Amino acid sequence: MKLRNTLLAALGLAFAATTAQAEIKVGVVLSATGPAASLGIPEKNTISLLPTTIGGEKVSYIVLDDASDTTTAVKNARKLTVEDGVDVIIGSTTSPASLAMVDVAAETKTPMISMAASARIVAPMDDKKRWVFKTPQNDQQMASAIIGHMSANNVKRVSFIGFANAYGEGWYEQFKKLAEAKGIEVAASERFNPADTSVTGQALKLMSVKPDAVFIAGSGTPSALPQKTLRERGYKGPIYQTHGVANNDFLRICGKDCEGTLLPVGPVQMARSLPDSHPVKASALAYVEKYEAANGAGSVSSFGAYAWDAGVLLEAAVPSALKTVKPGSAEFRAALRDALEGVKEVAGATGIYSMSAEDHLGLDDRSRVMIEIRNGTWSLLK
Amino acid sequence: MDMSIALILSQDGITNGAIYALLALALVLVFAVTRVIFIQQGEFVAYGALTLAMMQSGVLPATVWMLVVMGALVTALDGGLALKAGQGRRAAGVAGWNLGYPLALAAALGGLAVDELPLAVQVLLTLAIVVPMGPMMYRLMYQPIASAPVLVLLIVSVALHIAMVGLGLLFFGAEGQRTPAFSEFSLELGPLMVSAQTLWVLVVSALLIVGLYQFFGRTLYGKALRATAINRVGAQLMGISPTLAGKLTFFLAAFIGALSGVLIAPITTIYYDTGFLIGLKGFVAAIIGGLASYPLAAVGALAVGLLEAFASFWASAYKEVIVFTLIIPVLLWRSLTSHHVEEEE
């Protein structure tokens, strides 16, 4: 009997302790290994720079690696929500993994902030996606920058090659729709796998329609292969890439074949060269300096900024959610979701976020600039 | 599609097919002699390519430490056995080869400015690091269970494959590498632009195939391997050591794998896990040869390479599906035409 009482008392104390020290638990799923590692590693480095207290509450981060694998990402999301009871999920790095995690977020009613690019993660808005937000620019914003540049330079026929996964498909849909609206014909459409060792067949097909420009929709270093193959096969025209290649490993792998490549990027990539009047310059530079102080000069990339902006959004939304409920409950998660949806004109490293019930990204044209690879480095197009 | 496109695709397909052919030959060889399905063949490709890339960027390749560790384990096992049997000189020999050699290699690599050496020397050093891992792997993992059923050996291979991919990530990092071409020279033949690297791949593959043919037909060791492949027990009764046959086979397989890696590293970006897919395509080819026939496996490899090239032109989104679906009609045809032998339990 005595033992039982002691146990009960201990149990009571334990509960008291947890409620008194309510902390905000953030679950992070990212691809620190596998094909998307060059995106996931800067994200992981950034997570350690995120705020450790928001609105007076302690914030703890639980980081799990999904090895760039969709199944593992879902498993991790489930573990975080069910076992760890996190208040919000940040992740994952890749679009296929994030799309698959939407179901877990909706099922457990946990807000989720994705660091992946595909517009389909948050649109079209439905009952599940109302729990999901994302920080990277939509393919659509990036695609419109590319298409703007194309039509300004008299490109009429474009060949498209993209990853044979959700990233490539998402880009194709966006790109084709916007291109046709501007009177640009997508003359060839091919796919390749990130792990492919040869894309000669696709390259020939792309060139056989005699395009004015080629657009490669891939991310990371695998995206260098089509470009190298096209140049080897004697293609001389302009090549556009997506912001998915904007890291230094891409420059290293692609070498001189990437000279002249055109791509849209988030302002963080070019933070130092932006004119002072640019609305994102100050907030982007703040991130760049913090990241480079921790990881060395020149180490910053756009991908880490997506993780940073997830932190920025939380910092903006958590205080208003805390007004009504304590973290660690379903009510808090719902309040946090509503607060995230209500974020207005918040400056992150990627752009200015203004969310609404229909728009869970909230970025506009201030969130990208066109750049060119010149002399083996990135330079801002005027 | 016109003639020139077909020619370029064929060239691409044959280049890839040549690599698949080498891997398929190694797979058939390993299976015939030791009954091991050598899944980690692809990892040797990646290790070869990435070890070379690390040397070229002036870093001491971490694979050399893996060699030292494996060598130390072999020394502990074999040297211990020899000492127990009172064969001091044999123990010294074991230690010399398995411990002295890797350490000497590590010391040499540490002392040299490896990134300034000529490419040929770098390639030789790469082979000197990666190839001995083959026989050591046989000694450590397969020799103790040499008579186990095929399934057990397969499971060990899967485990080793996963371990090697993980170690590859640790050694080489997550990012891909490309090495500079052996030479910048290229040849224009009508619509074809044949780069020197393509010629290297084709010539080395052809030489290797001829070399293996001669080895198996003319030399005592080659004949010993063939004998073991045909009848293990019979060969053993004739005085052929199955252990020696196993080590020799793994030596050849590791050599073929590492050499393939070195050959393709300038053509494509190699990641720590690229080897698996290349190895799988070699495996499809080996299956076409029924895991027994070398010529059929080589033909199969070329077919896989060509199919892949043309599929990437016509239906790029379904390329892998097409290549790997090939295995179903092949298995169907093989099971209908060949007569099945139950494996002895």
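Tabulated results
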read-out	value
Any chance B:A120 is within 18 Å of B:G275 (Cβ to Cβ), more than 14 Å from every other protein chain (Cβ to nearest Cβ) and either in contact with an Asp or Glu (Cβ under 6 Å, 6 or more places away or on another chain) or in a helix (DSSP H, G or I) (or both)	no
Some residue of segment B:107-126 being more than 19 Å from B:A82 (Cα to Cα), small (G, A, S) and surrounded by 15 or more Cβ atoms within 10 Å (Cβ to Cβ)	no
Selection within segment A:195-233 - in contact with a helix residue (DSSP H, G or I) (Cβ under 7 Å, 6 or more places away or on another chain), charged (D, E, K, R) and more than 10 Å from chain B (Cβ to nearest Cβ)	A:R231
Test: residue in segment B:147-159 that is among the small types (G, A, S), assigned to a loop (DSSP other than H, G, I, E, B) and either within 19 Å of B:A229 (Cα to Cα) or in contact with a strand residue (DSSP E or B) (Cβ under 7 Å, 6 or more places away or on another chain) (or both)	yes
Candidates B:A245, B:A285, B:A235 - the one that is of a type outside the set (V, I, T) and within 24 Å of B:I14 (Cα to Cα)	B:A285
Residue check for B:A245: assigned to a helix (DSSP H, G or I), more than 14 Å from chain A (Cβ to nearest Cβ) and under 17 Å from the mean Cα position of the chain (by Cα)	yes
Any hit, segment A:351-370, residues being in the same structural domain as A:I54 (by TED's automatic domain parsing), of a type in the set (V, I, T) and out of contact with any Lys or Arg (no Cβ under 8 Å at 6 or more places or on another chain)	no
In segment B:140-198, the residues that are surrounded by fewer than 13 Cβ atoms within 10 Å (Cβ to Cβ), at pLDDT 85 or above and within 11 Å of chain A (Cβ to nearest Cβ)	B:L170
Any pair with Cβ under 8 angstrom, 6 or more apart, that starts in segment A:32-54 at a residue that is at the interface with another protein chain (Cβ under 8 Å from one of its Cβ atoms) and ends at one that is hydroxyl-bearing (S, T, Y) and crowded, with 23+ Cβ neighbours inside 10 Å	A:T33/A:S68; A:G34/A:S68; A:P35/A:S68; A:P35/B:Y271; A:A37/A:S31; A:A37/A:S68; A:S38/A:T221
Hey, B:G300 of a type outside the set (A, V, I, L, M, F, W, C), away from chain A (no Cβ under 14 Å), part of a helix (DSSP H, G or I) and buried (at least 18 other Cβ atoms within 10 Å of the Cβ) or not	yes
Some residue of segment B:275-282 being away from every other protein chain (no Cβ under 14 Å) and modelled with pLDDT of 90 or more	no
One residue from B:L25, B:L52 being more than 10 Å from chain A (Cβ to nearest Cβ) and under 19 Å from B:Q197 (Cα atoms)	B:L52
Odd one out for A:K236 among (1) surrounded by 23 or more Cβ atoms within 10 Å (Cβ to Cβ); (2) more than 9 Å from chain B (Cβ to nearest Cβ); (3) free of Cβ contacts under 8 Å to residues at least 24 places away in the same chain	(1)
Every pair of residues 6+ apart whose Cβ atoms lie under 7 Å, when the first sits in segment B:149-163 and is under 19 Å from B:G279 (Cα atoms) and among the hydroxyl-bearing types (S, T, Y) while the second is surrounded by 13 or more Cβ atoms within 10 Å (Cβ to Cβ) and modelled with pLDDT under 95	B:S157/B:V36; B:S157/B:I37; B:S157/B:F38; B:S157/B:I39; B:S157/B:Q40
Flag for B:V201 being more than 24 Å from the chain's Cα centre (by Cα) and β-branched (V, I, T)	no
Condition met for A:F192 (within 14 Å of chain B (Cβ to nearest Cβ) and modelled with pLDDT of 90 or more)	yes
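A quick yes/no check of all residues on (1) closer than 23 Å to B:L154 by Cβ; (2) touching a residue at least 60 places away in the same chain (Cβ under 8 Å); (3) not in a loop (DSSP other than H, G, I, E, B):
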residue	(1), (2), (3)
B:D12	no, yes, yes
B:G17	no, yes, yes
B:L23	yes, yes, yes
B:L29	yes, yes, yes
B:F38	yes, yes, no
B:F44	yes, yes, yes
B:Y47	yes, yes, yes
B:P61	no, yes, no
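The values are calculated or read from the model by the stated rules, or taken from the named source; none is laboratory data. Just so it is clear, the structure is predicted and the values come from calculations on it, not from any experiment. So basically every Cβ, Gly included, is an ideal-geometry build from the backbone, and we count neighbours across all protein chains shown.
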